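Report on the structure given below.
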Ligand SMILES: Cc1ncc(C[n+]2csc(CCOP(=O)(O)OP(=O)(O)O)c2C)c(N)n1
Ligand code: SF4
(Lines give C-alpha, C1' and ligand atoms only; values in the text may rest on other atoms or scores of the structure.)
(Ligands and ions follow the chains in the order given, each with its own letter.)
Protein backbone atom coordinates (compact mmCIF):
# COMPACT_ATOMS: atom_id res chain seq x y z
CA UNK A 1 0.00 0.00 0.00
CA UNK A 2 1.47 3.39 -0.90
CA UNK A 3 1.14 6.44 1.34
CA UNK A 4 -1.86 7.85 -0.57
CA UNK A 5 -3.78 4.62 -0.01
CA UNK A 6 -2.79 4.43 3.66
CA UNK A 7 -4.17 7.87 4.47
CA UNK A 8 -7.52 7.25 2.74
CA UNK A 9 -10.21 7.33 5.49
CA UNK A 10 -11.47 3.83 4.62
CA UNK A 11 -7.98 2.34 5.10
CA UNK A 12 -7.33 3.86 8.51
CA UNK A 13 -7.24 1.42 11.42
CA UNK A 14 -9.04 3.82 13.77
CA UNK A 15 -12.14 5.26 12.16
CA UNK A 16 -13.88 8.45 13.27
CA UNK A 17 -17.30 7.83 14.81
CA UNK A 18 -20.13 8.26 12.31
CA UNK A 19 -21.92 10.36 14.93
CA UNK A 20 -19.21 13.04 14.63
CA UNK A 21 -19.75 15.52 11.80
CA UNK A 22 -16.92 16.64 9.52
CA UNK A 23 -16.95 20.17 10.94
CA UNK A 24 -13.59 20.99 12.57
CA UNK A 25 -14.02 21.90 16.26
CA UNK A 26 -13.05 25.37 17.49
CA UNK A 27 -11.36 24.18 20.70
CA UNK A 28 -7.86 25.26 21.78
CA UNK A 29 -5.05 22.71 21.53
CA UNK A 30 -4.99 20.67 24.74
CA UNK A 31 -8.66 21.27 25.60
CA UNK A 32 -10.58 18.29 27.00
CA UNK A 33 -13.83 19.15 25.21
CA UNK A 34 -12.75 17.52 21.92
CA UNK A 35 -11.93 14.16 23.52
CA UNK A 36 -15.12 14.28 25.59
CA UNK A 37 -17.17 14.92 22.42
CA UNK A 38 -15.43 12.02 20.67
CA UNK A 39 -16.30 9.49 23.37
CA UNK A 40 -19.89 10.67 23.70
CA UNK A 41 -20.22 10.18 19.92
CA UNK A 42 -18.66 6.72 20.10
CA UNK A 43 -21.00 5.67 22.90
CA UNK A 44 -24.06 6.82 20.95
CA UNK A 45 -22.84 4.94 17.87
CA UNK A 46 -21.99 1.76 19.80
CA UNK A 47 -25.38 1.73 21.55
CA UNK A 48 -27.07 2.28 18.16
CA UNK A 49 -29.13 5.20 19.49
CA UNK A 50 -28.15 8.03 17.12
CA UNK A 51 -31.73 8.65 15.98
CA UNK A 52 -33.12 8.30 19.51
CA UNK A 53 -30.75 10.66 21.35
CA UNK A 54 -31.41 14.29 22.21
CA UNK A 55 -28.59 16.42 23.63
CA UNK A 56 -29.05 19.68 25.48
CA UNK A 57 -26.22 22.11 24.75
CA UNK A 58 -24.86 24.59 27.31
CA UNK A 59 -23.53 28.13 27.21
CA UNK A 60 -19.75 28.06 27.44
CA UNK A 61 -16.95 26.94 25.14
CA UNK A 62 -18.99 23.87 24.16
CA UNK A 63 -21.98 25.96 23.08
CA UNK A 64 -21.46 24.72 19.50
CA UNK A 65 -21.46 21.02 20.42
CA UNK A 66 -24.64 20.76 18.31
CA UNK A 67 -22.48 21.32 15.23
CA UNK A 68 -20.11 18.46 16.07
CA UNK A 69 -22.42 15.55 16.96
CA UNK A 70 -25.01 14.52 14.39
CA UNK A 71 -27.97 13.94 16.73
CA UNK A 72 -31.02 15.99 17.74
CA UNK A 73 -30.13 18.97 19.92
CA UNK A 74 -31.77 21.65 21.96
CA UNK A 75 -29.85 24.74 23.09
CA UNK A 76 -30.53 25.92 26.66
CA UNK A 77 -30.03 29.30 28.30
CA UNK A 78 -26.96 29.45 30.55
CA UNK A 79 -27.26 26.83 33.31
CA UNK A 80 -30.78 25.73 32.41
CA UNK A 81 -29.89 22.52 30.55
CA UNK A 82 -31.17 20.10 33.27
CA UNK A 83 -34.55 21.90 33.31
CA UNK A 84 -34.79 21.77 29.50
CA UNK A 85 -33.73 18.10 29.53
CA UNK A 86 -36.42 17.40 32.14
CA UNK A 87 -39.12 18.75 29.83
CA UNK A 88 -37.83 16.84 26.82
CA UNK A 89 -37.51 13.54 28.68
CA UNK A 90 -40.96 13.81 30.23
CA UNK A 91 -42.52 14.47 26.84
CA UNK A 92 -40.43 11.87 25.03
CA UNK A 93 -39.59 9.19 27.62
CA UNK A 94 -38.36 6.73 24.98
CA UNK A 95 -35.57 9.07 23.89
CA UNK A 96 -32.08 9.11 25.42
CA UNK A 97 -31.63 12.62 26.81
CA UNK A 98 -28.41 14.13 28.13
CA UNK A 99 -26.97 17.50 29.02
CA UNK A 100 -23.37 18.51 28.35
CA UNK A 101 -22.26 21.36 30.63
CA UNK A 102 -19.18 23.19 31.86
CA UNK A 103 -18.61 24.03 35.51
CA UNK A 104 -19.60 27.69 35.04
CA UNK A 105 -22.83 26.51 33.43
CA UNK A 106 -23.59 23.69 35.87
CA UNK A 107 -22.01 24.78 39.17
CA UNK A 108 -22.58 28.55 39.08
CA UNK A 109 -25.59 29.91 37.22
CA UNK A 110 -27.18 26.45 36.91
CA UNK A 111 -26.69 25.13 40.46
CA UNK A 112 -30.40 25.14 41.29
CA UNK A 113 -31.45 23.40 38.05
CA UNK A 114 -28.77 20.75 38.55
CA UNK A 115 -29.55 20.02 42.19
CA UNK A 116 -33.30 19.86 41.65
CA UNK A 117 -33.15 17.72 38.49
CA UNK A 118 -30.90 15.28 40.38
CA UNK A 119 -33.11 15.42 43.47
CA UNK A 120 -36.20 14.69 41.40
CA UNK A 121 -34.34 11.78 39.85
CA UNK A 122 -35.01 12.85 36.28
CA UNK A 123 -34.21 9.92 34.02
CA UNK A 124 -31.43 11.74 32.13
CA UNK A 125 -27.64 11.75 31.91
CA UNK A 126 -25.65 14.84 32.91
CA UNK A 127 -22.11 15.17 31.53
CA UNK A 128 -20.20 17.76 33.53
CA UNK A 129 -16.93 19.18 32.18
CA UNK A 130 -15.08 20.63 35.18
CA UNK A 131 -12.02 22.65 34.14
CA UNK A 132 -12.15 24.89 37.22
CA UNK A 133 -12.58 28.11 35.23
CA UNK A 134 -14.86 30.07 32.90
CA UNK A 135 -13.09 29.20 29.64
CA UNK A 136 -15.27 30.95 27.09
CA UNK A 137 -15.38 34.39 28.66
CA UNK A 138 -11.68 34.82 29.42
CA UNK A 139 -10.68 32.57 32.28
CA UNK A 140 -12.55 34.05 35.24
CA UNK A 141 -12.86 32.34 38.64
CA UNK A 142 -15.60 29.71 38.80
CA UNK A 143 -17.13 28.13 41.92
CA UNK A 144 -14.86 25.14 41.16
CA UNK A 145 -11.60 27.16 41.01
CA UNK A 146 -9.12 25.63 43.46
CA UNK A 147 -7.97 27.54 46.54
CA UNK A 148 -4.85 29.47 45.54
CA UNK A 149 -5.47 28.98 41.81
CA UNK A 150 -4.86 32.10 39.71
CA UNK A 151 -7.49 33.27 37.24
CA UNK A 152 -8.15 36.57 35.46
CA UNK A 153 -10.46 37.68 38.31
CA UNK A 154 -8.24 36.39 41.14
CA UNK A 155 -4.73 37.07 39.77
CA UNK A 156 -3.18 36.45 43.21
CA UNK A 157 -4.99 33.13 43.62
CA UNK A 158 -8.45 32.26 44.97
CA UNK A 159 -8.75 33.19 48.61
CA UNK A 160 -11.45 31.03 50.26
CA UNK A 161 -11.88 33.68 52.98
CA UNK A 162 -13.36 36.12 50.49
CA UNK A 163 -14.29 33.94 47.50
CA UNK A 164 -15.55 30.82 49.30
CA UNK A 165 -14.37 27.25 48.87
CA UNK A 166 -14.36 25.31 45.60
CA UNK A 167 -17.59 23.37 45.25
CA UNK A 168 -17.72 19.61 44.67
CA UNK A 169 -20.95 19.23 42.72
CA UNK A 170 -20.42 15.53 42.16
CA UNK A 171 -20.17 14.85 45.91
CA UNK A 172 -23.28 16.96 46.49
CA UNK A 173 -25.46 15.17 43.94
CA UNK A 174 -24.24 11.75 45.13
CA UNK A 175 -26.10 12.43 48.39
CA UNK A 176 -29.40 13.02 46.63
CA UNK A 177 -31.88 10.13 46.46
CA UNK A 178 -32.68 10.84 42.81
CA UNK A 179 -29.24 9.97 41.47
CA UNK A 180 -28.46 6.37 40.53
CA UNK A 181 -24.94 6.70 39.15
CA UNK A 182 -22.41 9.37 40.06
CA UNK A 183 -18.82 9.22 38.94
CA UNK A 184 -15.76 11.41 38.40
CA UNK A 185 -13.55 10.68 35.40
CA UNK A 186 -10.91 12.29 33.17
CA UNK A 187 -9.81 12.03 29.54
CA UNK A 188 -6.12 12.91 29.74
CA UNK A 189 -4.67 9.43 29.10
CA UNK A 190 -5.83 6.43 27.03
CA UNK A 191 -6.73 4.35 30.12
CA UNK A 192 -8.76 7.24 31.54
CA UNK A 193 -10.50 7.81 28.20
CA UNK A 194 -11.50 4.12 28.21
CA UNK A 195 -12.86 4.33 31.76
CA UNK A 196 -14.69 7.57 31.03
CA UNK A 197 -16.28 6.10 27.91
CA UNK A 198 -17.50 3.12 29.95
CA UNK A 199 -19.00 5.54 32.48
CA UNK A 200 -20.81 7.53 29.79
CA UNK A 201 -22.12 4.32 28.27
CA UNK A 202 -23.50 3.28 31.65
CA UNK A 203 -25.09 6.71 32.11
CA UNK A 204 -26.94 6.28 28.80
CA UNK A 205 -27.84 2.64 29.47
CA UNK A 206 -29.32 3.52 32.88
CA UNK A 207 -32.05 5.48 31.10
CA UNK A 208 -33.37 2.27 29.55
CA UNK A 209 -33.93 0.93 33.08
CA UNK A 210 -35.55 4.16 34.32
CA UNK A 211 -33.11 4.30 37.23
CA UNK A 212 -32.90 8.06 37.84
CA UNK A 213 -30.25 10.65 37.14
CA UNK A 214 -26.76 9.61 36.03
CA UNK A 215 -24.05 12.18 36.61
CA UNK A 216 -20.61 11.94 34.98
CA UNK A 217 -18.05 14.59 35.91
CA UNK A 218 -15.00 14.82 33.65
CA UNK A 219 -12.15 16.66 35.37
CA UNK A 220 -10.78 18.63 32.43
CA UNK A 221 -8.10 20.99 31.19
CA UNK A 222 -8.48 24.55 29.97
CA UNK A 223 -4.99 25.11 28.60
CA UNK A 224 -5.78 28.67 27.47
CA UNK A 225 -7.51 29.75 30.67
CA UNK A 226 -4.79 28.15 32.78
CA UNK A 227 -2.14 29.74 30.50
CA UNK A 228 -0.30 26.44 30.10
CA UNK A 229 0.79 24.32 27.16
CA UNK A 230 -1.30 21.16 26.52
CA UNK A 231 1.35 18.96 28.18
CA UNK A 232 1.75 21.32 31.16
CA UNK A 233 -2.03 21.52 31.56
CA UNK A 234 -2.32 17.73 31.88
CA UNK A 235 0.50 17.70 34.44
CA UNK A 236 -1.05 20.59 36.37
CA UNK A 237 -4.40 18.81 36.40
CA UNK A 238 -2.85 15.61 37.77
CA UNK A 239 -0.92 17.46 40.46
CA UNK A 240 -3.57 19.98 41.52
CA UNK A 241 -7.07 19.03 40.35
CA UNK A 242 -7.05 15.29 41.09
CA UNK A 243 -6.11 15.59 44.79
CA UNK A 244 -9.16 17.84 45.32
CA UNK A 245 -11.40 16.15 42.73
CA UNK A 246 -10.39 12.47 43.08
CA UNK A 247 -11.36 10.16 40.22
CA UNK A 248 -13.69 7.20 40.67
CA UNK A 249 -17.30 6.17 41.27
CA UNK A 250 -19.15 7.88 44.12
CA UNK A 251 -22.44 6.01 43.67
CA UNK A 252 -23.70 3.13 41.57
CA UNK A 253 -27.05 1.56 42.42
C1 LIG B 1 -27.10 34.70 31.60
C2 LIG B 1 -25.66 34.72 31.19
N3 LIG B 1 -24.74 35.08 32.10
C4 LIG B 1 -23.43 35.09 31.75
C5 LIG B 1 -23.04 34.74 30.50
C6 LIG B 1 -21.58 34.78 30.14
N7 LIG B 1 -20.97 33.47 30.05
C8 LIG B 1 -20.91 32.80 28.88
S9 LIG B 1 -20.09 31.36 29.00
C10 LIG B 1 -19.77 31.62 30.65
C11 LIG B 1 -18.97 30.66 31.47
C12 LIG B 1 -18.69 29.37 30.82
O13 LIG B 1 -17.85 28.60 31.61
P14 LIG B 1 -18.00 27.04 31.73
O15 LIG B 1 -19.43 26.66 31.88
O16 LIG B 1 -17.10 26.59 32.82
O17 LIG B 1 -17.58 26.47 30.32
P18 LIG B 1 -16.16 26.48 29.56
O19 LIG B 1 -16.23 27.69 28.68
O20 LIG B 1 -15.07 26.56 30.58
O21 LIG B 1 -16.17 25.21 28.81
C22 LIG B 1 -20.33 32.83 31.07
C23 LIG B 1 -20.22 33.36 32.45
C24 LIG B 1 -24.04 34.36 29.57
N25 LIG B 1 -23.74 33.97 28.33
N26 LIG B 1 -25.35 34.35 29.95
S1 SF4 C 1 -10.80 28.41 26.43
FE2 SF4 C 1 -10.42 26.54 27.64
S3 SF4 C 1 -12.34 25.38 27.65
FE4 SF4 C 1 -12.44 26.93 26.01
S5 SF4 C 1 -11.76 25.85 24.15
FE6 SF4 C 1 -9.98 26.88 25.02
S7 SF4 C 1 -9.01 25.34 26.36
FE8 SF4 C 1 -11.12 24.64 25.93
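Things worth noting here:
- Flag if residue 85 is away from ligand 1 (no atom under 14 Å from the Cβ), surrounded by 24 or more Cβ atoms within 10 Å (Cβ to Cβ), more than 18 Å from residue 35 (Cα to Cα) and modelled with pLDDT of 95 or more: yes
- Any hit, region 118-128, residues being more than 16 Å from ligand 2 (Cβ to nearest atom), part of a helix (DSSP H, G or I), in contact with a strand residue (DSSP E or B) (Cβ under 6 Å, 6 or more places away or on another chain) and more than 22 Å from residue 230 (Cα to Cα): yes
- Residues satisfying the stated conditions in region 205-233, i.e. part of a helix (DSSP H, G or I) and within 12 Å of ligand 2 (Cβ to nearest atom): 223, 224, 225, 226, 230, 233
- Residue within region 158-166 that is more than 21 Å from residue 104 (Cβ to Cβ), away from ligand 1 (no atom under 16 Å from the Cβ) and part of a helix (DSSP H, G or I) present: yes
- Sole residue being within 16 Å of ligand 2 (Cβ to nearest atom), buried (at least 18 other Cβ atoms within 10 Å of the Cβ) and farther than 20 Å from residue 49 by Cα, chosen from 79, 135: 135
- The residues listed here are 153, 145; of these, the one that is touching a residue at least 12 places away in the same chain (Cβ under 8 Å) and over 18 Å from the mean Cα position of the chain (by Cα) is 153.
- The lone exception for residue 79 - which of (1) in a loop (DSSP other than H, G, I, E, B); (2) in contact with a helix residue (DSSP H, G or I) (Cβ under 8 Å, 6 or more places away or on another chain); (3) more than 8 Å from ligand 1 (Cβ to nearest atom); (4) without any contact (Cβ under 8 Å) to a residue 40 or more places away in the chain it fails: (3)
- Within the option set 193, 200, being outside any strand (DSSP E or B), at negative phi and crowded, with 23+ Cβ neighbours inside 10 Å holds for one residue only, 200.
- There is at least one residue in region 40-57 that is at pLDDT 95 or above, within 14 Å of ligand 1 (Cβ to nearest atom) and over 11 Å from the mean Cα position of the chain (by Cα).
- Taken over region 45-61, the residue count meeting the criterion of being outside any helix (DSSP H, G or I) and either more than 16 Å from ligand 2 (Cβ to nearest atom) or over 26 Å from residue 28 (Cβ atoms) (or both) is 6.
The values are calculated or read from the model by the stated rules, or taken from the named source; none is laboratory data. Treat the numbers as computed from the prediction; the structure is a model and nothing was measured. When we count neighbours, we look across all protein chains shown, and the Cβ atoms used for this are built from the backbone with ideal geometry, even at glycine.
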